[in-house]
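The structure under discussion appears below in the form of structure tokens.
The values are calculated or read from the model by the stated rules, or taken from the named source; none is laboratory data. Please read these numbers as outputs of a predicted model, since none were measured by experiment. Don't worry about glycine lacking a Cβ; one is built from the backbone with ideal geometry, like all the others, and counts go over all protein chains shown.
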Amino acid sequence: MMVRRASLEDAAGIAAVQVRTWHAAYAGLLPQEHLDRRTVALRTTQWNDRLRLGEEDVFVACDPRGMIVAFATGLASSEPVEGFDGEIGAIYVLPVAQGQGLGKRLLSAVGMALRAKGFQSAWLRVLSDNTPARRFYEKLGAEIICETTEEIDGFLYREHFYGWRDLSKL
């Protein structure tokens, strides 16, 4: 599997991974109506805009046929999180591609890109009930920063913020 920086042509592939992974990871954790509103067409439009803006470092992992099976993003922190200047905006790996080290490789690529821009640390958020994701971040050395409550479609959910104080450890 190859990890590379995303290009504008990757918007639809990234969108497909995001939607399929959301449906797999959040089934039973978020209302189905919420998941159903996240369509590949909607996400493709959003990813076209995000990739054009270029405010995020976006990396994709591709299978031997060139199909995108995972992606991750990094950017300047979108909100104040004390002691952290960068943010892991997203990391999604299709279920069929999990367990192959792609998540770790993608986070490493994002960490290097953020460090190259002068960032020292990064945080991310995850639904507290998403135990597999939480275990993955903890295995990679992330520490719990805080817990919060987020409103999604009128429902309240617990979230954990995780972070790496030293991006060179990613």
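Brief remarks follow.
- Meets criteria (touching a residue at least 40 places away in the same chain (Cβ under 8 Å) and in contact with a Cys (Cβ under 7 Å, 6 or more places away or on another chain)) for Phe161: yes
- For Val96, the conditions (1) part of a helix (DSSP H, G or I); (2) hydrophobic (A, V, I, L, M, F, W, C); (3) free of Cβ contacts under 8 Å to residues at least 40 places away in the same chain; (4) surrounded by 14 or more Cβ atoms within 10 Å (Cβ to Cβ) are fulfilled apart from (4).
- Residue count, the stretch 124-139 (criterion: surrounded by 15 or more Cβ atoms within 10 Å (Cβ to Cβ) and under 19 Å from Glu87 (Cβ atoms)): 10
Listed here are the residues, each with its yes/no results for (1) in contact with a Pro (Cβ under 6 Å, 6 or more places away or on another chain); (2) outside any helix (DSSP H, G or I); (3) surrounded by 17 or more Cβ atoms within 10 Å (Cβ to Cβ); (4) modelled with pLDDT of 90 or more.
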site	(1), (2), (3), (4)
Ala11	no, no, yes, yes
Ala16	no, no, yes, yes
His23	no, no, no, no
His34	no, no, no, no
Ala41	no, no, no, yes
Thr45	no, no, no, yes
Arg50	no, no, yes, yes
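- The stretch 140-158: number of residues that are buried (at least 18 other Cβ atoms within 10 Å of the Cβ) and touching a residue at least 24 places away in the same chain (Cβ under 8 Å): 1
- Candidates Val93, Val58, Val69, Val81: the one that is under 23 Å from Gly118 (Cβ atoms) and at pLDDT 95 or above is Val58.
- Residues that are touching a helix residue (DSSP H, G or I) at 6+ places or on another chain (Cβ under 8 Å), part of a strand (DSSP E or B) and not small (Gly, Ala, Ser), drawn from the stretch 119-142: Leu124, Val126, Leu127
- Scanning the stretch 52-67 for residues that are surrounded by fewer than 21 Cβ atoms within 10 Å (Cβ to Cβ) and assigned to a strand (DSSP E or B) gives a single hit, Cys62.
- Checking Val3 against (1) closer than 29 Å to Phe155 by Cβ; (2) surrounded by fewer than 20 Cβ atoms within 10 Å (Cβ to Cβ); (3) among the β-branched types (Val, Ile, Thr), the condition it does not meet: (1)
- Pair list, Cβ under 6 Å, 6 or more apart: the stretch 11-27 residue closer than 15 Å to Gly89 by Cβ and in contact (Cβ under 8 Å) with a residue 12 or more places away in the chain, other residue among the basic types (Lys, Arg) and surrounded by 16 or more Cβ atoms within 10 Å (Cβ to Cβ): Ala15/Arg43; Gln18/Arg43; Trp22/Arg38
- Selection of the stretch 143-170 for residues being of a type outside the set (Asp, Glu), under 21 Å from Trp22 (Cβ atoms) and either out of contact with any strand residue (DSSP E or B) (no Cβ under 7 Å at 6 or more places or on another chain) or not in a strand (DSSP E or B) (or both) yields Gly154, Phe155.
- Filtered by the rule that a residue be more than 14 Å from the chain's Cα centre (by Cα) and in contact (Cβ under 8 Å) with a residue 24 or more places away in the chain, the stretch 51-67 gives Leu51, Arg52, Cys62, Asp63, Pro64, Met67.
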